[in-house]
Every structure is written in structure tokens, then in C-alpha cells.
Amino acid sequence: MKILAFADIHGSLEAAEKIARLTSTTDANTVLIAGDIAVNDLNLAEKILMKIVSSFNKPAFFVPGNMDSRSLAFFKSDKIKSIHGSCEAIEEEFSIIGVGGAISFLSTPFELTEREIELTLNEALKTYKQQSLILLSHSPPKNTKLDKVGVNLHVGSSAIREFIENKKPILAVSGHIHEARGLDKIGETLIINPGPAFQGYYAEIKVNEKKEVEANFLSF
């Protein structure tokens, strides 16, 4: 399976147009967007999401980020689905669950407590079957290379980390921390921040028949 992963578009119509060109020609099985589609602008976020998948005819999923309107979590379309607090199948072998927002305490539009993140993930698990699991979140897990800000400040979610440790998804995609583009591992779970799309970054992820995951970090 091939995945195109994006995060942190931050309302850039230029980035949305470039992503749309990628999705219109890709042979990827799915597109994942890890939040911060716009900056507290529901209409713009919806416009960007629909633009990105306008010519993509396979499943596409997103979670809202902390800079997005909370209402974006309820956005419905035949082309792309919010998986904040829900679980969806990809192909026959994979399930994806998601949680949006972040623990930022900066008075941004969509902030959650650790308990709220835990409850949201537990709600998503109610419809999970035994396929290989993928996690899509805006906030990265705590104490990894992907949640590090400055010299040694880790601002990720403990609840997301605990979920990964307990449920062992094969892949976790997040965003939020613009300077933490890259990958890390928690146990056998590969965790990936594709980098901020408004700066031209994204990732191509491949999962082979043995459920081994690899990622290429690209730019447009």
C-alpha cells in the first residue's frame, strides 16, 4: 500500500493547488492529512480539502489541527472523511483511526486535554476490527523526535504515546511541530511527521506485504 501524507497547510491555497496536482496523478491507495488545514476558517479549510482530493478517486482522510475550527471535525464529504474519533477501513487489510486538535494551551481553536484525547481514541476503537492499524493525529506522541521544540522541550501527547505503546499500530502520522519533520519509532511503530505542507513538504509512505513501513520525505 502507498500513502501520501501531508500536514500543516495553514490556509495556503498555493500549497493546496500543488497537493492537488500530486493527488491527481498519484497511484497511492490513500491520502492522509494531519491537521492545521487552515487558521480558524472553516470555509477555507473545507475549500482546501475538496481542492486537494478533487481528482483523487480513492479513500482520503484527515483530522483537524489545533488551528482549525472545532466544527471541521464534523465535515462530511464523499471525497474525504474526518476520522477524529472514528475508525475507517483502507483496502481490506488496514484500519485507520484518528484524533485531531492538540495540547497546546495557547488559546488556539481546537485544544484537548490528555483525557479528552484518550476518550476520543477509545471511542474510535469501538468499531475497530483486527486489521493492521494506522493512527492519524495532529499532535505527535510525547517524548519523541517529532514533538521536540527548542533545545529539549517535548510538547506532544502522553495519551497518544500510551495508545501507540498499548495498541501497537504499524504506522502513526502526525504534524503540528513544523521543525520536527522526520521519523522515529515507538517499539515497532514507525511515527512520521511529513513536514509542513505550506513550506512545500510531504511524505510518501509504503507498506509492504509483511507490513513493513518505509517513508520518503519529499517536497513540491
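Values quoted throughout were computed directly from the atomic coordinates according to the rules given, and no laboratory measurement underlies them. Being a predicted model, the structure only gives us computed values, none of them experimental. Cβ atoms come from the backbone with ideal geometry, glycine included; neighbour counts cover every protein chain shown.
Ignoring everything except DSSP H segments at least 4 long, calculate the 222 nm mean residue ellipticity for the chain; use -39,500 (n - 2.57) per segment, divide by total residues, nearest 500.
So the helix-based figure for the chain works out to -6500 deg cm²/dmol.
Taking the Cα atoms of segment 2-219 alone, what are Rg (to one decimal) and Dmax (as a whole number) in Å?
Looking at segment 2-219, its Cα Rg and Dmax stand at 15.3, 43 Å.
For segment 174-189, just list the computed ³J(HN,Hα) in residue order, Karplus coefficients 6.51, -1.76 and 1.60, θ = phi - 60°, integers in Hz, with x standing in for Gly and Pro.
Result, ordered by residue: 9, x, 6, 9, 4, 7, 10, 4, x, 9, 7, 9, 10, x, 9, 7 Hz.
Could you please rank 201, 128, placing first whichever residue has the fewest other Cβ atoms within 10 Å of its Cβ?
Working: 201 20, 128 16.
Ranked by crowding around the Cβ, least crowded first: 128, 201.
Pairs 79/129; 51/129; 51/126: which exceed 28 Å Cα-Cα?
With Cα atoms farther than 28 Å apart: 51/129; 51/126.
Which one of 121, 215, 48 is farthest out on the positive end of the charge dipole of the chain, using unit charges on Cβ (Lys, Arg +1; Asp, Glu -1) and the Cα centre as origin?
215
Mind putting a number on the dipole of the chain about its Cα centre? Charges go on the C-beta only, +1 for Lys and Arg and -1 for Asp and Glu, and I need it in Debye to the nearest 20.
160 debye
Longest exposed-loop-site-free stretch of the chain, with trypsin sites (Lys or Arg not before Pro), DSSP loop and at most 11 other Cβ within 10 Å?
130-209
In whole Hz and in residue order, list the ³J(HN,Hα) couplings for segment 80-96 that follow from phi through the Karplus curve 6.51 cos²θ - 1.76 cosθ + 1.60, θ = phi - 60°; x for Gly and Pro.
Per residue, the Karplus-derived 3J(HN,Hα) values read 8, 10, 6, 10, 5, x, 9, 10, 9, 8, 10, 6, 10, 9, 10, 10, 10 Hz.
How much length is gained on full extension from residue 218 to residue 26, taking 0.36 nm per residue of separation minus their Cα-Cα distance?
67.7 nm
Take every DSSP beta bridge with both residues inside segment 1-156 and express the antiparallel ones as a percent of the total, to the nearest 5.
DSSP beta bridges in segment 1-156 are roughly 25 percent antiparallel.
Whose amide H sits under 5 Å from the amide H of residue 81, counting only residues 5 or more places off or on another chain, with H placed in the peptide plane?
Hits under the 5 Å cutoff: 60, 61, 62.
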